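As structure tokens, the structure follows; a few thoughts come after it.
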């Protein structure tokens, strides 16, 4: 199965496992993230962004204003998902994000910038 699709499916499973105050809010999150996925994957392949150790994207190269806005929106939605999961699992969004970062690192396609737990960057 394609790595980006596998990542999206894993993320959706995490989202569905979280308690949702509103089904519409969860659906909106999933729809926005799914819609952005091809653009996020393109930025990752280009090396313009990397997956950091907090489970969000970090700029690694030059980005246009539109690309910066895309990264900001993606990170905002990821943190929203981590917050939902944290509420259900009685932990913190930061802890959920760190766990998610480990999953992303292990599933990232070759050549993707990933940040290790110690803060150093490498290509998967």
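Just a few scattered comments:
- Exactly one residue among 43, 63 is crowded, with 19+ Cβ neighbours inside 10 Å and in contact with a helix residue (DSSP H, G or I) (Cβ under 9 Å, 6 or more places away or on another chain), and that residue is 43.
- Residue check: residue 53 meets all listed conditions (1) under 14 Å from the mean Cα position of the chain (by Cα); (2) assigned to a helix (DSSP H, G or I) but one, namely (2).
- Any chance residue 34 is within 15 Å of the chain's Cα centre (by Cα), in contact (Cβ under 8 Å) with a residue 12 or more places away in the chain, within 25 Å of residue 123 (Cα to Cα) and surrounded by fewer than 14 Cβ atoms within 10 Å (Cβ to Cβ): yes
- Within the range 89-122, the set of residues being in contact with a strand residue (DSSP E or B) (Cβ under 8 Å, 6 or more places away or on another chain) and assigned to a helix (DSSP H, G or I) comprises 101, 104, 105.
- Residue identified as without any contact (Cβ under 8 Å) to a residue 40 or more places away in the chain, in a helix (DSSP H, G or I), under 21 Å from residue 27 (Cα atoms) and out of contact with any strand residue (DSSP E or B) (no Cβ under 9 Å at 6 or more places or on another chain) among 42, 80, 86: 86
- When residues of the range 2-39 are limited to those that are farther than 21 Å from residue 94 by Cα and assigned to a loop (DSSP other than H, G, I, E, B), the one modelled with the lowest pLDDT: 22
The values are calculated or read from the model by the stated rules, or taken from the named source; none is laboratory data. All of these numbers come straight from a predicted model, not from anything done at the bench. Positions of Cβ are backbone-derived with ideal geometry, glycine not excepted, and every protein chain shown enters the neighbour counts.
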